[in-house]
1. What residue, of SER164, SER158, SER149, is closer than 30 Å to LEU187 by Cα, of a type in the set (Ser, Thr, Tyr), without any contact (Cβ under 8 Å) to a residue 24 or more places away in the chain and surrounded by 13 or more Cβ atoms within 10 Å (Cβ to Cβ)?
2. If you check SER216, SER194, which single one turns out to be open to solvent by 50 Å² or more (accessible area, probe 1.4 Å) and either out of contact with any Pro (no Cβ under 9 Å at 6 or more places or on another chain) or under 23 Å from VAL251 (Cβ atoms) (or both)?
3. Of all residues in the stretch 246-255, how many are part of a loop (DSSP other than H, G, I, E, B), in contact (Cβ under 8 Å) with a residue 24 or more places away in the chain and open to solvent by 80 Å² or more (accessible area, probe 1.4 Å)?
4. Those residues that are over 19 Å from GLN50 (Cβ atoms) and under 16 Å from the mean Cα position of the chain (by Cα), I need them from the stretch 254-284; list them, please.
5. Just one of (1) open to solvent by 60 Å² or more (accessible area, probe 1.4 Å); (2) touching a Ser or Thr at 6+ places or on another chain (Cβ under 9 Å) trips up ASP83, so point out which.
6. Where residues in the stretch 197-209 are under 13 Å from the mean Cα position of the chain (by Cα) and open to solvent by 10 Å² or more (accessible area, probe 1.4 Å), which of them is nearest to PRO165 (Cα to Cα)?
7. Could you grab the pairs with beta carbons closer than 6 Å, sequence gap of 6+ or different chains, first residue in the stretch 188-214 and modelled with pLDDT of 90 or more, second one charged (D, E, K, R) and outside any helix (DSSP H, G or I)?
8. With the stretch 316-379 as the region, which strands (runs of 3 or more DSSP E) entirely inside it contain at least 3 residues that are modelled with pLDDT under 90 and either within 15 Å of ALA287 (Cα to Cα) or open to solvent by 80 Å² or more (accessible area, probe 1.4 Å) (or both)?
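The values are calculated or read from the model by the stated rules, or taken from the named source; none is laboratory data. These numbers were taken from a predicted model, which means no experiment stands behind them. Cβ sites come from the backbone with ideal geometry, for glycine too, and all protein chains shown count toward neighbours. Each accessible area value is taken on the protein alone, full model and side chains, heavy atoms only, with ligands, DNA and RNA left out. Shrake-Rupley method; radii C 1.70, N 1.55, O 1.52, S 1.80 Å.
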Amino acid sequence: MIAALAATLVSCGGGGGRPTFGDNEFPVVTVGTSSADMQTTYPATIKGVQDVEIRPKVQGFLVQINVKEGQTVSAGQTLFVIDNETYQAQVRQAQASVNTAQQQVNTAKLTYENAQQLHANKVIGDYEMQTSQNSFESAKAQLAQAQASLANAKEMLSFCYVKSPAAGVVGTLPYKKGALVSASNSLTTVSNISSMEVYFSVSEKEAMFISQQGLSSLPDVKLQLTDGSIYAHEGKVTKMSGVIDATTGSVQLIASFPNAEKQLKSGGSGNIIIPRMNTNAIIIPQACVSEVQNKKFVYTLDKDNKVKYTEIKVDPQNDGNNYIVTEGLKTGDKYITNGITKLSDGMEIVPITPDRYQQKIDEQAKAMSAGDIVGAMKK
């Protein structure tokens, strides 16, 4: 009962209020330092180490879809087949042209060899000999041209068999069998998700500090998933962009995470958590801090026991109970921990320890009448 009443007395003033002791005593603490586990969180996007967009090189109707969404495929595996009757006909036509050109070469070769013998026996002159040779060379050139056309036709036919350029996992399949597709259509994405790259951005100031220290100085990072859970494996920051985003003033970093269980999916989102250890942190209770227009203040105590309304700056990351002060307080300073709503700038007080403050609360609680207790509980 006394403990509950003591809590009521402390909260009566609101915002760090104090019980009415009838004197000018306030609890004062001297600033010291301690170790603090801190962390910084950044929004992040998850991508596979290699995300390959699959597009056909020829236009046609899809006649086969050989994979399913989420299926693991190997490099060179056929994913889709496009109607290729027209391309097969072009191959056959090109092959026929090669055969015809080959026969012409054979004939021209015989004619040229015969002309060589006749010229050696002085039966024909140089003109006839040169003409025969030119016909042979022309026939060979036509054969080479026909072979090139055949190779092109075969290549176009091969484009009808859309293969995976890399090993990975198949993404969404937006087109069904029978759909007309062309190079402007993305058939799917194949992602190498054996490990994942998580993209996040830091401020230019943070990027400069990281550049000076080196990426290797950064600790292993954690990945918070969209459901609030922490990914089982820690990652390592491996890359930093050399360009500052002119729009946001930020610099992109990439952290690599193992993904043997394939829990992470390319295109997902989350938060990168970078832990930080501060061995000389100034930590104060949030209850002794007042906030005015997004600025934070505490009451400090000078050597004449007068309080001063002092602005401080704190780390944006906190545990909900305490602040880590980055500016405004230093080791050896004194600040008031309770009753701040009763204070005003320049006011002279009688400093007491927090233990003595709590003792006076307990004493007052014991001394209160039943009516006082009911009145305090109603406040």
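1. Matching residue, one of SER164, SER158, SER149: SER158.
2. Details: SER194 fails: either out of contact with any Pro (no Cβ under 9 Å at 6 or more places or on another chain) or under 23 Å from VAL251 (Cβ atoms) (or both).
The conditions single out SER216.
3. 1
4. SER269, GLY270, ASN271, ILE272, ILE273, ILE274, listed by residue number.
5. Failed condition: (2).
6. Ranking the candidates gives GLU197 first.
7. THR189/ASP51; THR189/GLU53; GLU197/LYS47
8. Details: elements: 322-327, 334-336, 350-352.
In the stretch 316-379, 322-327 are the strands (runs of 3 or more DSSP E) which contain 3 or more residues that are modelled with pLDDT under 90 and either within 15 Å of ALA287 (Cα to Cα) or open to solvent by 80 Å² or more (accessible area, probe 1.4 Å) (or both).
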